[in-house]
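Read through the structure below, which is laid out as structure tokens, and then see the notes.
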Amino acid sequence: MSSTADTTRSRRRGAELEHALYEATLDELAEVGYGRLTMEGVAARARTGKAAVYRRWSTRQALVLDALRHALPALPGFDPQIPARENLRAVFTVLCQLLAGETSFPGLPVIAGLLGDPVLRQAFVEAIVRPRLLVIESILGHAEETGEIEPGTLTPMAVQTGPALIMQACLLTGNPPTPQDIDRIVDSVLPVGRRDPLRTR
């Protein structure tokens, strides 16, 4: 190995080195999948020694968990000043981008390879699925309180329907839903005939 490479390795410490290791882990996940990911492979991609990895993480599971947390995109909120339909469309659009791999977080094909590990599956649920369900629940709850949608629209099934249909589309087609598909998914949560009862009063 050249002295230049040795110098590059020795100069990176602390947060800079950790960032490089996180990026290397995400790149390895995308290229070889969780099943073939190794600590040595991550170290080589990050151009550092494997001791730098093992000092921070004792297992690849712990390394991957921290890398996923590092890559988490911002959680979308909702604007109480705009209709529930528009809020849902915005949340569903961001979820599509996330599952399609259009953010730094691994897309659904990579995530699917992690779901066989119970700890990583639970981490995915807690970090990605559950927070977005809570946002959807807040959107529907606020819309019920203001009379924008009919009482009873907020149900566990209504909250789960949008993300479930988005993930199904990604799994079955390999592509995220189109904007037109997202409109139809919103319709499944807020049926067109019920979406604005204030107009009929």
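Where a number appears in this text, it was derived from the coordinates with a stated rule and is not lab data. Everything numeric in this text was worked out from a predicted model, so none of it was measured. Quick reminder, even Gly has a Cβ in these numbers, built from the backbone with ideal geometry, and neighbours come from all protein chains shown.
In nm, what is the difference between 0.36 nm times the number of residues separating H142 and T93 and their Cα-Cα distance?
15.6 nm
Can you sort V64, V129 from fewest to most other Cβ atoms within 10 Å of each residue's own Cβ?
On the way: V64 25, V129 15.
By the 10 Å Cβ count, ascending, the order reads V129, V64.
Taking the Cα atoms only, what angle lies between the long axis of helix 179-189 and the longest principal axis of the chain, rounded to 10 degrees?
Taking Cα atoms only, the helix is inclined about 60 degrees.
Going 7 Å from the Cα of T173 toward and past its Cβ, which residues in region 106-143 have a backbone nitrogen under 16 Å from where you end up?
108-109
Expressed as an acute angle from 0 to 90° and rounded to the nearest 10, what is the orientation of the C-alpha long axis of helix 130-146 relative to the principal long axis of the chain?
Tilt of helix 130-146: around 20 degrees.
In debye to the nearest 20, how big a dipole does region 91-153 give about its Cα centre with +1 on each Lys and Arg Cβ and -1 on each Asp and Glu Cβ?
Dipole of region 91-153, to the nearest 20 debye: 360 debye.
Just need the relative contact order of the chain here, percent rounded to a whole number, with Cα pairs under 8 Å and 6+ apart. Walk me through the numbers on the way to the answer.
Numbers: 188 pairs, mean separation 39.9, N = 201.
After rounding, I find 20 percent.
Between R13 and E126, what FRET efficiency follows from the Cβ-Cβ distance if R0 is 22 Å, with the result rounded to 0.05?
Details: r = 31 Å, r/R0 = 1.40.
With a Förster radius of 22 Å, E is 0.10.
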